[in-house]
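Notes follow once the structure below has been shown.
The values are calculated or read from the model by the stated rules, or taken from the named source; none is laboratory data. Remember, it's a predicted structure, so these values are computed and weren't measured experimentally. Here Cβ is always computed from backbone atoms with ideal geometry, including for glycine, and neighbour counts include all displayed protein chains. When the accessible area is computed, the model is the full protein with side chains, heavy atoms only, and any ligands, DNA or RNA have been set aside. Shrake-Rupley method; radii C 1.70, N 1.55, O 1.52, S 1.80 Å.
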Amino acid sequence: QGSRQVKNSSPVKRPWWSVHLLHVAMARGSSELHLDSADGEERVNIVPGAVEHVSLPSEQDRPGTTTGAAASAGRLSWRGVSLISMAVLLGVAGCWVLAAFSAAAEAGEEDAAVPARALSPEEVEALVAEVATAGVGGAESQALVGGCRTALEGEPCHRHVTWAMQHGIRENKDWYPGLTEKSSFEDFQDFHHTDPYARCPLACRQLEAKEQGAMTVEANVTVSNSTLSSSTVFGYTPSGRVVSQGQWCSVNEPEQGWALRSCGSGSGITVKVLTYNLFWWNLFGRRHGNGGSAGRLIAEAGSSERFDVMGFQECEGVGWVLGDAGLATEYGAITGPHAMCMAYRKDSWTLLADGAKNVGEDRGDQWYGTRAVMWARLQHSTTGQVLFFVNHHGPLPVHSGGRCGGEATAYNILKLIANTAHADDAVVLVGDFNAGPNDVTLQSLNGRMHHIYTGSAFGGVDHVFSSCEHKVSTRNLGDGGSDHDALEAIIQL
């Protein structure tokens, strides 16, 4: 009983199986071994170098054993137990690894980490109330917390909601309290909001129905707060040549000479723009914000003159970024699909409408899903000038154009702008296009819009375009802890 040491002395008298186990443990370099025997747990402290002094008792010293085949059977039984134990441990480890990969794959639109815990509805309401007391109200405060919108096809949320509506509610009604087979997509989306694997934002229809009117979804374009009339938009003039024919992303090339080069109503105001890929899974997921390095970069760059609009890629929480910058109450926030976010300065701009549309898709060898643009129509509070601000994160692999190709991706972006922006809007397009100046995506955009600025990361994949050609200044702000640089551009409308 108690602690015993094995030294250069006669063997300790104990059951043969425990001595055998002790011998195995010592041979593998263990320093301590717990044994369970009939008279309770015993602990043996192993002395380094003592293994050569330990001898196993002879067959006759082993109580209740016989020599020959019977002894071999006993040893074989012990080996069998060891093998079974190892198999069980390997099985448990394998299940754990598979579960981890499954969770990562479900959550990984942008290699983003699954949040450790989803906020409960009560916590969300409390946080919204807290933000509201600081001067942000209603739908804007909800957007600041995490954003509200209807999930798009290709997102984890959309897959979870679709399965629940088509199969889950029919097979297991008790899993969905408060819902029926006739419940709307938004009802199911809100139900999945607290599921960390579904990663569903709240549907805006509940918030905006009280303040700004219901949300409308048409042709995979999410439109909030306004109705678009085809007679007021730029308009897209196809040439008849179809790019990526046979795929969901097929699109007509615009006719020769067609371009988005009108600078709106010509108000003459300047707009300060930021585009920034935040490297979220690493900078915020693994390094927990790196002490607010990205926020500090934004704050310092806007210390003398605030940014009017900001477009973020790999953004899983725009409120975190704005909070680190000390700008949470000054900016309205919009959360888009595929880890994209926007922010606009509220004392200068009023949000008229916003939405999103898929325009491309990753190639199979580096597939994370479809790729989209998100947009917002913003009206200047003094001049009435409307800015159509567009944010994009392009398909992978870098420089490839993805499954749809760079030409189709570019034309789908242009078509979305032309059929959504009004003819007197000034257009600014920003983002990490995952395409450089010599790639087809950029070559297809050049000539159709004015190229304003390109960064240097990954061969120059971050860009700013505009329908206005008057560039006041551009600046590379550095990475702020990301693997991309933040880019600043000041454009005269």
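Applying a DSSP loop filter and a limit of 14 other Cβ atoms within 10 Å to the GluC sites (Glu not before Pro) in the stretch 304-402 leaves Glu305.
When a/c is below 1.5 the answer is rounded, else prolate if a/b is larger than b/c, else oblate, so apply that to the stretch 303-396 with a ≥ b ≥ c taken from the square roots of the Cα gyration tensor eigenvalues. It is oblate, given that a/c is not under 1.5 and a/b is not larger than b/c. Legend: distances between Cα atoms for Lys272/Lys346; Lys272/Lys471; Lys182/Lys357; pairs beyond 19 Å are Lys182/Lys357. Counting only heavy atoms of the protein chains and using a 1.4 Å probe, Glu300 has close to 130 Å² of accessible surface. Quick one: compute the contact order of the stretch 236-371, relative version, from alpha carbon pairs under 8 angstrom and 6+ residues apart, as a percent. Once normalised by length, the contact order is 18 percent.
Computed from the C-beta positions of Leu89 and Ser183 and an R0 of 41 Å, the FRET efficiency is 0.40 to the nearest 0.05.
Using a basic spin-label model with each label point 7 Å from the Cα along Cα→Cβ, how many nm lie between His451 and Trp175? Using points 7 Å along Cα→Cβ, the separation is 5.0 nm.
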